[in-house]
Each structure stands twice: as C-alpha cells, then as structure tokens.
Amino acid sequence: MNWTIFRRMASAVVIAGALSGILLSGVQQLQVEKIILKAEEYEKAGEAAEHAHQHDAAAPAAAAGHEHEHGHDADEWEPADGAERTGYTVLANVSMAIGFALMLVAAIAVSGRQVGWRSGLLWGLAGYLVFFVAPSLGLPPEVPGTLAAPLHARQLWWVMTAGMTAVGLGAIVYARAWPWKLLGALVLVVPHVIGAPQPETHGGVAPEELAQAFIHATAIANAVFWLALGGLTGFFYRRFG
C-alpha cells in the first residue's frame, strides 16, 4: 500500500468517524441525556441521604475524618452541565467513532470485499451486534447509581464477549465448510454460558422504569450510530480508497 492510498483511507476513517460521532451526540442529546440527568438527581439525593445518616451516627472524634473525605469528593472535577458537558461528550464520541471506523476499514481491507454505502450498512450492523448487542445481553447499559460488579471483571467479560462475537460472526459469514460455521455459532454463545460478572445485590437508586428507558434509548442511539458509521465508512472507503 503506497502513501497516497493510506492517506485516502485515513481520510475516509476520519470523515466517517467525525460525522457518525456528531450524529451520535445529537441522538444522545435528544433522548439519552435527559435520562442520565434524571438518574443523577436520584444518585445525588441518595448520596446526600447516606452522608446525612453517617454524620448523625458518627462519633464526634470521627467527624473531622468525614469532613476531610467530603472535601476530597468536592475537589473531584467533572464538566459543568450545559455547553461544557456537551462539548466533552461530542469530543469523546467523535474520538470513539474514529477508532471504530478504523477497525471497520481494517476489517473491510482484510476481507477483500468490494464495499459501498449499502454493504457498509451490513458492516455497521455487524459492529452493532459485536460491540453493543452481545455485551448488553450480560451487561445491559446502566444509569448512574446502579449497583454493579467490579469494573475490572466487567471489562474483561466485555472484551471477551466482543472478541468472540466478532470471531463467531466472521466464521459464520466467511467460512465455506459447515463445521467451521458450526464452530462459529458455538463461539458466539460461550461468553453467555460463562456468564457476565454480577453484583452481590442488584438494584440502584433510580426507579426501574428509568433504568429500562435508558436501556431502550441507548439501544436506539447505538443502532443509529453503527448504521451511520457503517454506511459512511463504506461510502468514503469506496470514494477515497
């Protein structure tokens, strides 16, 4: 691959990723962000109630330690609600989308298949299944304040599930012999047989209907994102590559 082709493919990745990331941010702003803000209200109310309970139950000698802890929490930085928070969200989404577009272009190049925006939609659908649907079967999206298993365990299971789903789908689609296709199907279910790590106690401070609304809104937002990313990547890959 010469430098000119590489530069064109990089342009396709950046443009498709940037446009898809901006679109995702817009969809999130319309339906996902308001659910997160509402859940954060419940989370802050729960934290305030817990701190008040600890303060009432604590001995005077421990009060100074609690004040120090609360002061430390107050020093933790987070973007302010409004334009600042939206700006950081857009930046994070665009960066993530460019990374996923790079992975799509690499997979398309390895496959050796011709691609346009229509076939790009299929690649986007595969990305949606690999990176959202399959992991969400064991670890559904969670609103702030939800009890969860340790982060490291969840991350390991998520990576394993995404990787095995990609391998399984690849075997089903590209393998010619039926035994390999069957093996691919078996690979798909292995992470779910193992099971995702779960907390000792399920629940959270937000109402159950809010948690369910977040799952549905996130599923729709990710579907829009992945289809847009796949279609745009296919379009610009064909045009520049």
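Below is a table of values for the structure above.
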quantity	calculated
The range 137-241 - percent of accessible surface contributed by carbon and sulfur, probe 1.4 Å	70 percent
Accessible area of LYS38 in the full protein assembly, 1.4 Å probe (Å², nearest 10)	90 Å²
Exposure of ARG238 as accessible area (Å², to 10), given a probe of 1.4 Å and all protein chains	150 Å²
Cα shape, the range 65-195, gyration tensor, a/c 1.5 rule	oblate
Reciprocal of mean inverse Cα separation for the chain (Kirkwood radius, Å)	20.5 Å
Theoretical ellipticity at 222 nm over the chain - DSSP helices of four or more residues, -39500 (n - 2.57) apiece, nearest 500	-26500 deg cm²/dmol
Three-way shape label, the range 156-241, alpha-carbon gyration tensor, a/c 1.5	oblate
Solvent accessible area, Å² - LEU169, 1.4 Å probe, full protein context	50 Å²
Probe 1.4 Å, accessible area per residue of the chain, Å²	61 Å²
Angle in degrees between helix 208-240 and the longest Cα principal axis of the chain, rounded to the nearest 10	30 degrees
Candidate residues GLU84, GLU40: accessible-area rank, largest first, probe 1.4 Å	GLU84, GLU40
Ranked order, LEU186, LEU232 - accessible area, probe 1.4 Å, largest first	LEU186, LEU232
Extension gain from ALA109 to PHE240, taking 0.36 nm per residue of separation minus the Cα-Cα distance	45.8 nm
Only Lys, Arg (+1) and Asp, Glu (-1) charged, at Cβ; the chain dipole about Cα centre in debye	2460 debye
Alpha-carbon centroids, the range 109-183 and the range 1-35: separation in whole Å	19 Å
Cα long-axis angle, helix 151-174 against the chain (0 to 90 degrees, to the nearest 10)	20 degrees
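The values are calculated or read from the model by the stated rules, or taken from the named source; none is laboratory data. Because the structure is a prediction, the values reported are computed rather than measured. When we count neighbours, we look across all protein chains shown, and the Cβ atoms used for this are built from the backbone with ideal geometry, even at glycine. For the accessible areas, the whole protein counts, side chains as well, though only heavy atoms, and no ligand, DNA or RNA atoms are used. Shrake-Rupley method; radii C 1.70, N 1.55, O 1.52, S 1.80 Å.
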